[in-house]
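Visitor: If you scroll down you'll find the structure; I have some questions about it.
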Amino acid sequence: MITVELAKLFRRPRTYVITGLLCALPFIVAVFLATTRVPPPPGQGGAFLSAVLSNGALYPAAAMALVMPVFLPVSVAVLAGDAVAGEATAGTLRYLLVRPVGRTRLLVAKLVSLVVFVLFAIVAVLVTAYVTGLALFGSEPSAGVALPADVTSLSGVTITPAGLALRMAGTVAYIVISMLSVAAIALFLSTVTDSGLGAAMGALAVLVTSQVLATLDAAAAVRPYLPTRYWLAWIDFFRDPVLWRDIERGAGIQLVYLGALLLAAWAAFVTRDVAN
Amino acid sequence: MGARGTVVSSQARRRWLVVLVAVVLLGSVPVLLALRPAGAGTMDPGTLRARMAGSGGQAFHGYAQSNGLLPVPALPGLSDVTSLVSGVTEMRTWYASAERWRVDVVRGAGETDLYQVGDAQVVWESAAGQLTRIVGAQPVRLPRGADLTPPVLGARLLALATEEAPGAGDRFEVLRGKRVAGIDAVGLRIVPATVGTTVAYVDVWAEPGTGLPLQVEITARGGSRPVFVTRFLEVDLSAPEDSVLTPPVPGPGVGSVVTDTSDLLAAANRLGRGWLPERLGGFERQDTPVAAAGVYGTGLARFVVARLPGGAGNRAYEQVRTFGTPAGDDAAVLPTGLLTVGAVRAGRGVYLIAGLVEPAVIERVARELS
């Protein structure tokens, strides 16, 4: 079942279109930055954008900061919202379930497929941003060694290439976990409606509400429990020492949302009357 | 069939019940953790005060957060200072001794780090990619994030309260214990009796064994809730690693500049170019090495007066006048409940006044300066 879902994911052109769009945004920003050499004022603009002008090796982190708040969650919500509802709209859900396929297994397969998409999209953004960063901003080789130059952390301490790779791996893992809760919201809504668009819009409505409340002082009491509260905590991987507090809380809250919503999706889908 | 329910609908109900129980269990964990009663530890106020005052040698490292609710507008060139009392400041702190510590003020995608290395300080500004080494003591400087960590603010407020003249009547009361950053802390309330201060009381909670302040709350007169709170969210009472206390070194992407405090003081005197009286608003001036800035008053009823040059001074004056109330033709006062800010136009410069004193005091000072 999982193999079937993965094959379907990579067979569909939309997977590559969405990934291409995700990669395009950092590329466009890099072209403007490299052409004008005008960085955002200190403390303003996207994270790491000021730093990349002197070292392109940090551009993958800047690219993550660009796609993370809006583009990536929208992509995940669209795909996850379509996961079950899309099958129902197309009339294939009934045929899918006629085969000896458990509904729980189908849900798990859909979720695995979404995880793979998120990983695929993030790795694509990181690789294209790394190539773009080195090509457009350059990287001074350290002492004649043909390795990428060291980069400076937010704390002013040098990060070696190996350290940078580790921190990027941590970033990828954290963003995947963060996007899983988006996927879980959309997947749950996808099990209660036949409209993939409606499920995606519902998930986005939840995220927008969360973003608004996260900036509201009056909502300080609920802020730690909002799904988007710790989304940008991956930036803390680039401090020295790494600031684990928000990363741990962010991962924890995402796992709670993931568990609760998957359970709700399971409860809704297992006894759902698939009529069309 | 619908009214009595089917096997399928009862299965659905059971599944949703499982979901509900799981959500309630998951959601109740933080609530239950927050509701855990704190230890009912208590201590004689004199002992607690002495223990807090002597906690300067205690090593620690942790994560602290301050939250100021004072409606102070961003003053030109002083927005970093005003944001300290009008918003949230997140701080990471590592303290080995008075000569070796580090405080990072953490913002979204940046940070400002301050290292104390012997008698020099090193500031790292991530936004500018700039290291600044400040050599020499700084008898006068602007407030900064590092002043807001609970141990620093707690010790400062305690010192101000206890420097009151004998017989001033400040009260020290023991508070109920509170759990701060997982530690059962003991609390002390300082109720100043000083005339003219806006501070109703200061509550300090400290680790009982060492007296290290963990949470400080300041409540203004007439208020029922604190308007400024700083507290540890995580704290460890062990010495930080030495590597954490070593400042970064200049290199690619890290600019560097060295500043001597004697140059800074000379520049401040040159720019401010002004004279401040020995007595203002009925309060004596304290010794400061900068002619253009002075500290007046004692205890918690104290205020600072600084003479700002032309452009910056006029912009600050306009801000205070816009958000505050006029106090004469060339003066304005901005009361915020706790902090009172005033600005006075005099000659080609502007006097900026700020302190934890009542607006009437600042108005009196403004009249004397204009």
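Visitor: Using only C-alpha positions, report the orientation-averaged shadow area of the convex hull of the range B:273-369, nm², one decimal.
Guide: 5.5 nm²
Visitor: Could you tell me which residue out of B:Val344, B:Gly313, B:Val365 lies farthest along the dipole of the range B:273-369 toward its positive end? Charges go on the beta carbon: Lys and Arg +1, Asp and Glu -1, centred on the Cα centre.
Guide: Selected residue: B:Gly313.
Visitor: Among B:Ala146, B:Val258, B:Gly136, whose Cα sits farthest toward the positive end of the charge dipole of the protein assembly as shown (+1 at Cβ of Lys/Arg, -1 at Cβ of Asp/Glu, about the Cα centre)?
Guide: B:Ala146
Visitor: May I ask you to compute the full-extension gain from B:Arg171 to B:Leu35, defined as 0.36 nm times their residue separation minus their alpha-carbon distance, rounded to one decimal in nm?
Guide: 45.9 nm
Visitor: Debye sum, Cα scatterers, the range B:45-255, no solvent: what log₁₀ I/I(0) at q = 0.12, 0.14 1/Å?
Guide: Per q value, in the given order, log10 I(q)/I(0) is -0.65, -0.89.
Visitor: Using the Cα centre as the reference, give the magnitude of the dipole from point charges on the C-beta atoms of the protein assembly as shown (Lys, Arg: +1; Asp, Glu: -1; all else neutral), rounded to the nearest 20 debye.
Guide: 2140 debye
Visitor: Follow-up. Given the options B:Val350, B:Val254, B:Val180, state which has the largest fluctuation in a GNM of chain B using a 10 Å cut-off (strictly under) for Cα springs.
Guide: Residue with maximal mean-square fluctuation among B:Val350, B:Val254, B:Val180: B:Val254.
Visitor: Once you list every other residue whose beta carbon is under 13 Å from the beta carbon of B:Val174, what net charge do they have if Lys and Arg are +1 and Asp and Glu are -1?
Guide: +3
Visitor: Another one. Ranked by Cβ crowding within 10 angstrom, fewest neighbours first, how are A:Val206, B:Val199, B:Val24, A:Val123 ordered?
Guide: B:Val24, A:Val123, A:Val206, B:Val199
Visitor: Using only Cα atoms, what is the ratio of the radius of gyration of chain A to 2.2 N^0.38 Å?
Guide: Here the Cα radius of gyration is 1.09 times the empirical estimate.
Visitor: Still on this structure, please answer the following. Which net charge results for the neighbourhood of B:Pro247, defined as the other residues with beta-carbon distances under 15 angstrom from its beta-carbon, given Lys and Arg at +1 and Asp and Glu at -1?
Guide: My count for the surroundings of B:Pro247 gives -4.
Visitor: Just to confirm my numbers, what's the Cα centroid distance between the range B:86-138 and the range B:17-57 in Å?
Guide: What the calculation gives is 30 Å, centre to centre.
Visitor: Note down the Stokes-Einstein diffusion coefficient of chain B in µm²/s, whole number, using a Kirkwood radius over alpha carbon pairs, 37 °C, and 0.692 mPa s.
Guide: Answer from the Stokes-Einstein relation: 143 µm²/s.
Visitor: Taking K and R as +1 and D and E as -1, what net charge do the other residues with C-beta under 10 Å from the C-beta of B:Val117 add up to?
Guide: +1
Visitor: To the nearest 0.05, what FRET efficiency results for A:Val131 and B:Leu233 with a Förster distance of 35 Å applied to their C-beta separation?
Guide: Efficiency, rounded to the nearest 0.05: 0.30.
Visitor: Order by neighbour count: A:Lys8, B:Lys178, A:Lys110, fewest other Cβ atoms within 10 Å first, most last.
Guide: By the 10 Å Cβ count, ascending: A:Lys8, B:Lys178, A:Lys110.
Visitor: Binned at 20 Å from 0, what are the whole-percent values of the Cα-Cα distance distribution for the protein assembly as shown, short to long?
Guide: 16, 42, 31, 10, 1
Visitor: How large is the charge dipole for chain B, taken about the Cα centre, if only the Cβ atoms of Lys, Arg (+1) and Asp, Glu (-1) carry charge, to the nearest 20 debye?
Guide: The calculation lands at about 1320 debye.
The numbers here are math on the coordinates, done by the rules we state, and not lab data. All of these numbers come straight from a predicted model, not from anything done at the bench. For neighbour counting, all protein chains shown are included, and Cβ atoms are generated from backbone atoms with ideal geometry for every residue, glycine included.
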